[in-house]
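This report concerns only the one structure given below.
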Amino acid sequence: MTITPRPEPVVTHPQRLVFPADDITKQDIANYYQAVMPRFLPGIASRPTSVYRFPEGTTKPGFFQKHPMRGLQHVEHITLHEESGAMADYICPSDAGAVIELVQYNAIEFHPWASRATSLEEPDYLVFDLDPGDGVSWPEATDAARWIRGRLVEASLQSFVRTTGGKGLHVVVPLHTSCRWDDARQFTNAFAHGLADEQPASFTAKASKAERKGRIFIDYLRNTRGATSVASWSLRARPGAPVAMPMRWQDLGRCASGDAFDIRSARRRLSRLRSEPWEGFATMRQSLEKPLRIYAPSKA
Ligand code: ATP
Ligand code: MN
């Protein structure tokens, strides 16, 4: 038997400006993902992943897409049952060729599920999405993330932090693979409301705009089946082509804002990195059993 290797995905219109104000082309985006691939790919590989696509560049509206488009040759699909009960095909990239093919289809951002195709009902991390409201400074946001880290330690959970490339931060908690979506939702709900009750001047767990003014919204709703959050090292389709960047907790203070890293500085950082900023993330197996007892005693 002869195996014909699949041709590499082609990037057409390589010189097309995707971020005109920043002089960034489609080829630049493909080159970026190729360069960061060893760090980026593990965060999305074999997970249902929504892509944020901009066929007319970032000066025109884009759209989120979770179902595979016609014509894909490198991107794997997964058929899963949606919350409604219907079966549907989802984009599920598993290798570098898939990522570049999605870039060819004008994807800029990558947003994976917190569970893998092989274990869809068991999230393997939690995400607390910290959204600073109007009037909250960046140092206040990073202090809040560190405070939450401490609270998680008290609940016997280690956490990791990334800038989102936008206004905020994600605090991410790796889990044992036997946790269920119900556990994730129940714990994050109780934990976020607990923090907001404890420090009502700084935090809210409610999404309304009025609630958020001067406070940080702890969005725990990422931790439900079907929800996504942006992948580490993903570009953002926002001015300046920022990047969602995993940080070491001790380096967070060196970041001047949530969008401190962009398509160019992220690559410089990559070349200087000697070890993984989220060292241990992939192998850490944490259980929600004790945290759930602490935060939701009536239901434990
Ligand atoms: P920021 O720090 O600016 O808040 P973010 O990535 O946390 O950046 P949010 O607006 O808080 O952005 O959204 C949180 C997550 O919700 C996103 O990362 C994305 O995965 C998901 N999301 C947001 N809007 C959509 C959408 N229209 N369709 C699908 N997923 C979405
Ligand atoms: Mn956010």
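The values are calculated or read from the model by the stated rules, or taken from the named source; none is laboratory data. Everything quoted here is computed from the prediction, not taken from an experiment. Note that each Cβ is placed from the backbone with ideal geometry, even for glycine, and that neighbours are counted across all protein chains shown.
Residue-by-condition table, conditions (1) more than 16 Å from ligand 2 (Cβ to nearest atom); (2) of a type in the set (K, R); (3) surrounded by 17 or more Cβ atoms within 10 Å (Cβ to Cβ):
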position	(1), (2), (3)
H74	yes, no, yes
G85	yes, no, no
I91	yes, no, yes
P112	no, no, yes
A117	yes, no, yes
L120	yes, no, yes
Y125	no, no, yes
F128	no, no, yes
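Only residues that are within 16 Å of ligand 1 (Cβ to nearest atom) and under 10 Å from L288 (Cα atoms) were counted across region 168-187, and they come to 1. Only residues in region 141-163 that are under 15 Å from D219 (Cβ atoms) count as the first member; pair them with residues that are in a loop (DSSP other than H, G, I, E, B) and within 15 Å of ligand 1 (Cβ to nearest atom), Cβ under 7 angstrom, at least 6 apart or cross-chain, and list the lot. From region 141-163, the pairs are A141/G168; R162/S232; R162/A244. With respect to the conditions (1) closer than 18 Å to P132 by Cα; (2) within 15 Å of ligand 2 (Cβ to nearest atom); (3) part of a loop (DSSP other than H, G, I, E, B), F217 lacks only one, and its number is (3).
Within region 174-211, being surrounded by fewer than 19 Cβ atoms within 10 Å (Cβ to Cβ), more than 20 Å from W113 (Cβ to Cβ) and in contact with a Ser or Thr (Cβ under 6 Å, 6 or more places away or on another chain) holds for one residue alone: E211. Give region 142-167 a look and list any residue that's within 12 Å of ligand 1 (Cβ to nearest atom) and more than 18 Å from the chain's Cα centre (by Cα), or say none. Of everything in region 142-167, nothing turns out to be within 12 Å of ligand 1 (Cβ to nearest atom) and more than 18 Å from the chain's Cα centre (by Cα).
If the condition is being surrounded by 16 or more Cβ atoms within 10 Å (Cβ to Cβ) and aromatic (F, W, Y), then region 14-66 contributes F19, Y32, Y33, F40, Y52, F54. Only one entry in A184, A196 is among the small types (G, A, S), closer than 13 Å to P123 by Cα and away from ligand 2 (no atom under 15 Å from the Cβ), namely A184. Each residue in region 104-142 was checked for being outside any loop (DSSP other than H, G, I, E, B), in contact with a strand residue (DSSP E or B) (Cβ under 9 Å, 6 or more places away or on another chain) and not acidic (D, E), and 15 pass.
Checking every residue in region 229-248 against the condition of being at pLDDT 95 or above and away from ligand 1 (no atom under 16 Å from the Cβ) gives at least one match.
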